[in-house]
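Chemist: Take a look at the following structure, please.
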Amino acid sequence: MRMKSVPKETFACDGADRRTQYAALCWRQSHGRTEVLLVTSRETGRWVIPKGWPITGLSPADAAAREAWEEAGAKGKAEAEALGFFTYDKVLDRTSAPVEVPCIVAVYAMRVSHRQKVFPEARERRVKWFALDRAALKVDEPELQTLIAGFSPASS
């Protein structure tokens, strides 16, 4: 069985080395409220934000924006500075002996200028807008829940 290659870029967090990923907190204003775009993960169907590994030649914010396009069809400009971070264990192999890699995810706010219906992972994911409070309840990671619940476009 071939294992997925995991980039070597690491970040020390809580005394442990974690692999770094970049994510986009895609948002819009709709009917006077802020909404966040969530996507389902390909393997488990959990609600998450678009995220992925570093991309050679792209800044972290640009890598986050690329993930937003590939996973959700979202276009926009990600903020240059990270909004915050969350940690989780990425499961790379779901066999009887799962392989997990601890990750830290830098999250970049990205106001969505438009969404396209045709995008690379359109057939693999569901995509939906949620109010901030609902979005925070939909994701599993406690640090991401806090980040979403406390998000304000004025602070991004």
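Chemist: Okay, which of segment 19-43 sit inside 11 Å, backbone N to the point 7 Å along the Cα-Cβ direction of Glu143?
Modeler: Correct set: 19-21.
Chemist: On to the next question. Given the options Arg115, Arg19, Arg123, which has the most mean-square fluctuation in a GNM of the chain, springs set between C-alpha atoms less than 10 angstrom apart?
Modeler: Taking springs between Cα atoms under 10 Å, the residue moving most is Arg123.
Chemist: Same structure, new question: Among Val107, Val36, Val127, determine the one that fluctuates most according to a GNM of the chain built with springs between C-alpha atoms less than 10 Å apart.
Modeler: Val127
Chemist: Counting only protein heavy atoms, what percent of the accessible surface of segment 11-156 is carbon or sulfur at a 1.4 Å probe?
Modeler: Working: 3570 of 7550 Å².
C and S fraction of accessible area: 47 percent.
Chemist: I've got another one for you. Which order do you get for Ser96, Ser41 if you rank them by accessible area with a 1.4 Å probe, largest at the top? Provide the component values of the computation, followed by the final result.
Modeler: Values: Ser96 125, Ser41 20 Å².
The residues order as Ser96, Ser41, largest area first.
Chemist: Quick one: net charge around Arg28, please, counting Lys, Arg +1 and Asp, Glu -1 for every other residue with C-beta under 10 Å from its C-beta.
Modeler: Numbers: positive: Arg33, Arg111, Arg115; negative: Glu35.
Once positives and negatives cancel, what remains is +2.
Chemist: Let me ask something else. Label segment 85-156 by shape, choosing from rounded, prolate and oblate, from the square roots a ≥ b ≥ c of the eigenvalues of the Cα gyration tensor; if a/c is under 1.5 it is rounded, and otherwise prolate applies when a/b is larger than b/c, oblate when it is not. Each step should come with its number before you reach the end.
Modeler: On the way: a/c = 2.10, a/b = 1.29, b/c = 1.64.
Oblate, since a/c reaches 1.5 and b/c is not below a/b.
Chemist: Once a ≥ b ≥ c are taken as the square roots of the eigenvalues of the Cα gyration tensor of segment 60-120, is the result rounded (a/c under 1.5), prolate (a/b larger than b/c) or oblate (a/b not larger than b/c)? Numbers along the way, then the final one.
Modeler: On the way: a/c = 3.92, a/b = 1.56, b/c = 2.50.
Judged from the Cα gyration tensor, segment 60-120 comes out oblate (a/c at least 1.5, b/c at or above a/b).
Chemist: Ranked from the most accessible area to the least, with a 1.4 Å probe and all protein chains present, what is the order of Thr20, Thr44?
Modeler: Details: Thr20 15, Thr44 70 Å².
Result, largest first: Thr44, Thr20.
Chemist: What is the magnitude of the charge dipole of the chain about its Cα centre, with +1 placed on the Cβ of each Lys and Arg, -1 on the Cβ of each Asp and Glu, and no other charges, expressed in debye to the nearest 20?
Modeler: Details: 24 positive and 20 negative charges, 148 e Å.
Dipole magnitude for the chain comes out near 720 debye.
Chemist: Nearest 10 degrees is fine. How inclined is helix 60-72 to the longest principal axis of the chain, computing both from alpha carbons?
Modeler: Once rounded, the angle reads 80 degrees.
Chemist: To continue, here is another question. Identify, among Ser59, Trp129, Tyr22, the residue whose Cα sits farthest towards the positive end of the charge dipole of the chain, taking +1 on the Cβ of Lys and Arg and -1 on the Cβ of Asp and Glu, with the dipole about the Cα centre.
Modeler: Farthest towards the positive end: Trp129.
Chemist: Taking a 1.4 Å probe, which of Asp93, Asp62, Asp17 shows the most accessible area, and what order do the others take after it?
Modeler: Numbers: Asp93 20, Asp62 65, Asp17 110 Å².
Order by accessible area, largest first: Asp17, Asp62, Asp93.
Chemist: For Ile55 paired with Gln29, estimate the spin-label separation in nm (one decimal), with each label point 7 Å from Cα along the Cα-to-Cβ line.
Modeler: 2.8
Chemist: Which of these, Glu124, Glu43, Glu70, has the largest mean-square fluctuation under a Gaussian network model of the chain (Cα springs below 10 Å)?
Modeler: Glu43
Chemist: Just to be sure I understand the model, the point goes 7 Å from the Cα along the line to the Cβ. What's the resulting Asp93 to His114 distance in nm?
Modeler: In this crude spin-label approximation the distance works out to 4.4 nm.
The values are calculated or read from the model by the stated rules, or taken from the named source; none is laboratory data. Please read all numbers here as calculations on a predicted model, not as lab measurements. For neighbour counting, all protein chains shown are included, and Cβ atoms are generated from backbone atoms with ideal geometry for every residue, glycine included. What goes into the accessible areas is simple: the full protein's heavy atoms, side chains included, and nothing from ligands, DNA or RNA. Shrake-Rupley method; radii C 1.70, N 1.55, O 1.52, S 1.80 Å.
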